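Trainee: Next up is a structure, given as structure tokens.
The values are calculated or read from the model by the stated rules, or taken from the named source; none is laboratory data. This one's a predicted model, so the numbers in the text were calculated from it and none came from an experiment. Please note: Cβ atoms are built from the backbone with ideal geometry, for glycine as well, and neighbour counts cover all protein chains shown. Surface accessibility is based on the protein's heavy atoms, side chains included, excluding ligands, DNA and RNA. Shrake-Rupley method; radii C 1.70, N 1.55, O 1.52, S 1.80 Å.
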Number of protein chains: 2
Amino acid sequence: MSLDVTFLGTGSAYPSPHRGASALVLRMDGECWMFDCGEGTQTQSMRSHIRAGKISKVFISHLHGDHVFGLPGLLCTVSLNTPPDSPQRPRCVDIYGPRGLRHFLRVTLGLTASQLLFPYAVHELEPTSDQCPEEGQLSREVTAAHGALHPQEQEGRSIALDPGSDSYLLFEDDRFEVRAFRLFHRVPSFGFCVQEKDRPGRLKTELLKELGVKPGPLYGRLKSGETLTLDSGRVLTPGEVLEEDIPGRKVCVLGDCSSVLGRAHVRLCAGADILVHEATLGDEQQEKAAEHGHSTPKTAAAVAWECHVRKLVLYHFSQRYKPVTLQKDGDGDDVRELKGQAEEALQGTGIEVVLAEDFLTLSIPLKRTR
Amino acid sequence: MSLDVTFLGTGSAYPSPHRGASALVLRMDGECWMFDCGEGTQTQSMRSHIRAGKISKVFISHLHGDHVFGLPGLLCTVSLNTPPDSPQRPRCVDIYGPRGLRHFLRVTLGLTASQLLFPYAVHELEPTSDQCPEEGQLSREVTAAHGALHPQEQEGRSIALDPGSDSYLLFEDDRFEVRAFRLFHRVPSFGFCVQEKDRPGRLKTELLKELGVKPGPLYGRLKSGETLTLDSGRVLTPGEVLEEDIPGRKVCVLGDCSSVLGRAHVRLCAGADILVHEATLGDEQQEKAAEHGHSTPKTAAAVAWECHVRKLVLYHFSQRYKPVTLQKDGDGDDVRELKGQAEEALQGTGIEVVLAEDFLTLSIPLKRTR
């Protein structure tokens, strides 16, 4: 299965003609999962190879406008552009995000009389009180979704922190497990870890031939984990004839933060193929960044290092940093300096640093061995 | 005083890379008034000569997402880009729109913890029940703004229809009067009429010389309407020494509609310099347009004709109509056909038809005579 990440917006605070507001898409066979949806994300997606109609899940890291103002419009446009009888129509768009997101969507869609051609459900993460300064905490009175469900809204879950794992289990099926963990920002913010499940290793075909098992349906049954008894009476377990499991891929996307809360991320993000981390300002502005609940490349590098990830992708740059392709000699605020700062912090670790730009796509190839 | 209109979005239903969602700006000395604010309007304004920080009033025609989803983000970005001690900071941004707009802003700004560096007030227009089909009417339960004011929100007015004039008086000062009138659409929708006040005519300087009044402060006092007594005892009224009043300019912007309700517009929009009217689809799709509460060029032309306006500007085109500059020979759905249909309907009337495109600016020159 192919897996890639496409950045639709890499700017902080607001969208500009050079950098969209926060949004990225994890694309897999047949569906897309979106992480954050700042204003203008639907237009950015039209400019990209992403087909917004394929979006089946949305993860909102936190309720700042530059991460969520594009969501009502995106849902409306997907609906408008989906033929009513299309088989591509999502069964239900599952939306995950902090408490308050359900109310946000119910009011924005409700007041604009927006009807969708598909159902949606908002699954709210219950923040803990230490995720942000006191003034950033929204009371239950403000965040509670009042009144009736939107006509296309399905009852969503309220997901509390699992104290054992210090994380939130958002979703699990036979291909993926998605968990969230807590970040520290000006308002409750979350990181998301998408873990692909391990796949069974390759069949030892030489061995099977020796045992007289011919290629055919039996191979498939062994690969899917079945124990077989051959005509000879020999019992064959999958463990005998399969190479070691092929590890699943892992993509981690952190919302705005000046730090990660707790230690869950070290295990959750361990060895991630891609860790997407904000770097709003350069290291020389560390104090200002922290004051606004943001990170610098050094902060991001420290997280990448403690999780021993393969690739650190920086994004969510202050709008003062132009995209590399528009950077001219002599311009100040060169985004490449942010990359240099992270690389310096990660020297000798083998962790690759990548600067995200709008429309950058990163493939995550299948693994072959552990 | 210079006066011009700039279109920031001319597409219907949703923003696309070719046509932004609905938004236009009336620019005058020192300030800008915005009409509708679809998603992405802030980015469109960055691409234009409009300085969003100058926006002092916003008029929202109706609460469909393609006309309002950009408003919370626009306010936030204006605030972020305004130095806290700037003299250019608007004293208070006055926002006018249908009942429900106050709740929309309070919830979107509140849940995203958006703080503004300036106050705002939402003045709500109370729709009448015949402005839309029954299913498009939002109950008071849905539209009522709950809870406390947003920290930067000032108490706004609730404006009812004035039965005498069949219109809503939104605003009046020594330069302008702005009124709204009712349209028929799928949800309550309004048209806005910005009437510049008449200015006193030129001084009859020859006559004044004959009377022995020399150029100087007396000229200014006469022009501002003062009656003077000369040393000779002669009483001089402004009417004697001033040419006829110079009529003020008039710009009318109609929101989405399939028709205008009542007859107020005929008087309000009479002789308008510019009438901006939607034309979502071509005349050949009149039935479909009406079914969705929209107009075709013929509908727009009929309104322009009954108001005897000078210039009819068509906008809010279905996204199937590319901008003229991107239209290729052989492409279907040529927006120029919409212009042709309006021109045909207005043949011989002297009313000019203009196709709006994103970033088109139309100047409205000062008048000299009636």
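Trainee: Which three extents, in whole angstrom, do the alpha-carbon atoms of segment B:48-108 cover along their principal axes, largest first?
Mentor: The principal-axis extents, from largest down, are 33, 25, 16 Å.
Trainee: Same structure again: Could you name every residue in segment B:1-25 that has 40 Å² or more less accessible surface in the full protein assembly than in its own chain alone (probe 1.4 Å, ligands and nucleic acids excluded)?
Mentor: B:Tyr14, B:Pro15, B:Pro17
Trainee: Which entries in B:Lys250/B:Lys298; A:Lys57/A:Lys204; A:Lys209/A:Lys367; B:Lys250/B:Lys288; A:Lys328/B:Lys322 show an alpha-carbon gap greater than 29 Å?
Mentor: Long pairs (Cα-Cα over 29 Å): A:Lys57/A:Lys204; B:Lys250/B:Lys288; A:Lys328/B:Lys322.
Trainee: Can you tell which of A:Tyr168, A:Gln152, A:Val142 lies farthest toward the positive end of the dipole of segment A:122-176, using +1 and -1 charges on the Cβ of basic and acidic side chains (Lys, Arg; Asp, Glu)?
Mentor: After comparing all options, I get A:Gln152.
Trainee: Amide H of A:Ser16: which non-local residues (sequence gap of 5 or more, or other chain) have their own amide H closer than 5 Å, using H built in the peptide plane?
Mentor: Excluding prolines and chain starts, which carry no amide H, the hits are A:Ala21.
Trainee: Let me ask another. Counting pairs of Cα atoms in segment B:250-327, how many percent are more than 21 Å apart?
Mentor: 26 percent
Trainee: Quick one: 3J(HN,Hα) in Hz for segment A:249-254, Karplus 6.51/-1.76/1.60 with θ = phi - 60°, rounded, Gly and Pro as x.
Mentor: Using θ = phi - 60°, the values come out as 8, 9, 10, 10, 10, 9 Hz.
Trainee: Relative contact order of chain A, please, whole-number percent, based on alpha carbon pairs below 8 angstrom and at least 6 residues apart. Write down the numbers at each step before the final one.
Mentor: Values: 850 pairs, mean separation 59.0, N = 370.
Here the relative contact order equals 16 percent.
Trainee: While we're here: Gaussian network model of chain B, Cα springs within a sub-10 Å range: biggest mean-square fluctuation belongs to which of B:Gly348, B:Gly20, B:Gly97?
Mentor: Largest GNM mean-square fluctuation: B:Gly348.
Trainee: Run the dipole for segment B:254-370 about the Cα centre, Lys and Arg Cβ at +1, Asp and Glu Cβ at -1, nothing else charged, and hand back the magnitude in debye, nearest 20.
Mentor: 760 debye
Trainee: What net charge do the residues around A:Leu355 carry, taking every other residue with its C-beta under 14 Å from that of A:Leu355, with Lys and Arg at +1 and Asp and Glu at -1?
Mentor: Here the count lands on -3.
Trainee: Roughly what angle does helix A:71-80 make with the longest principal axis of chain A, taking Cα atoms, 0 to 90 degrees, to the nearest 10?
Mentor: 60 degrees
Trainee: Stretch A:His49-A:Thr128 to full length: gain in nm at 0.36 nm per residue minus the Cα-Cα span?
Mentor: 24.7 nm
Trainee: Within the P(r) computed for segment B:58-166, what percentage of the Cα pairs occupies the region above 15 Å?
Mentor: Everything past 15 Å amounts to 66 percent.
Trainee: Which one, A:Val241, A:Val251, A:Val25, has the greatest fluctuation when you compute a Gaussian network model over chain A with C-alpha springs under 10 angstrom?
Mentor: Result: A:Val241 has the largest fluctuation of those listed.
Trainee: Label position 7 Å from Cα toward Cβ: report the copy-to-copy distances for A:Gly262 in nm, one decimal, ordered from shortest.
Mentor: Ordered by increasing distance: 5.9 nm.
Trainee: Say a label goes 7 Å from Cα toward Cβ at B:Ser232 in every copy; what distances in nm does this one have to the rest, shortest first?
Mentor: Ordered by distance, the counterparts are at 13.4 nm.
Trainee: Taking the label point as lying 7 angstrom from Cα along the Cα-to-Cβ axis, what are the distances from B:Leu169 to the corresponding position in the remaining copies, in ascending order and in nanometres?
Mentor: So the label point of B:Leu169 gives 6.6 nm to the other copies.
Trainee: Another question, if that's okay. In whole Hz, with x marking every Gly and Pro, tabulate ³J(HN,Hα) for segment B:297-309 from phi via Karplus 6.51 cos²θ - 1.76 cosθ + 1.60, θ = phi - 60°.
Mentor: x, 5, 4, 4, 5, 4, 5, 4, 6, 5, 9, 6, 7
Trainee: May I ask you to derive the relative contact order of segment B:225-370, considering only C-alpha pairs under 8 Å and at least 6 residues apart, and to give it as an integer percent?
Mentor: Once normalised by length, the contact order is 24 percent.
Trainee: In chain B, what is the volume of the convex hull around the alpha carbon atoms, normalised per residue and reported in Å³?
Mentor: Residue-normalised Cα hull volume stands at 168 Å³.
Trainee: Turning to a different aspect of this structure: Would you mind calculating the gained length between A:Glu343 and A:Ala270 on full extension (0.36 nm times residue separation, minus the Cα-Cα distance), in nm to one decimal?
Mentor: Roughly 24.4 nm would be gained on extension.
Trainee: Apply the Karplus curve 6.51 cos²θ - 1.76 cosθ + 1.60, θ = phi - 60°, to the phi angles in segment A:155-169 and return the couplings in whole Hz, x for Gly and Pro.
Mentor: Per residue, the Karplus-derived 3J(HN,Hα) values read 4, x, 8, 10, 10, 9, 4, 7, x, x, 9, 6, 8, 10, 8 Hz.
Trainee: A further question on this structure: If you take the charge dipole of segment B:226-318 about its Cα centre, with +1 on Lys and Arg Cβ and -1 on Asp and Glu Cβ, which of B:Ala264, B:His292, B:Ala279 is farthest toward its positive end?
Mentor: Going by the Cα projections, it comes out as B:His292.
Trainee: For segment A:309-370, just say rounded, prolate or oblate: build the C-alpha gyration tensor, square-root its eigenvalues into a ≥ b ≥ c, call rounded for a/c under 1.5, and beyond that prolate if a/b exceeds b/c, oblate if not.
Mentor: Judged from the Cα gyration tensor, segment A:309-370 comes out oblate (a/c at least 1.5, b/c at or above a/b).
Trainee: Ok, one more. If I fit a long axis through the Cα atoms of helix B:335-345 and take the longest principal axis of the Cα atoms of chain B, what angle between them do I get, 0 to 90°, rounded to 10?
Mentor: Taking the Cα atoms of chain B, the angle to B:335-345 is about 60 degrees.
Trainee: Using alpha carbons only, what's the Rg to Rh ratio of segment B:1-71 with Rh from Kirkwood?
Mentor: That ratio equals 0.95.
Trainee: State the dimensionless ratio Rg/Rh of the protein assembly as shown (Rg: radius of gyration of Cα atoms; Rh: Kirkwood radius).
Mentor: In the protein assembly as shown, Rg relative to Rh is 1.07.
Trainee: Also, I was wondering about something else. So how far apart, in nm, are the two label points at A:Ser259 and A:Leu228 if each is 7 Å from Cα heading toward Cβ?
Mentor: Here the answer is 5.6 nm between the modelled labels.
Trainee: If you take all C-alpha pairs in segment B:150-204, what percent of them are over 18 Å apart?
Mentor: Counting every Cα pair in segment B:150-204, those more than 18 Å apart make up 53 percent.
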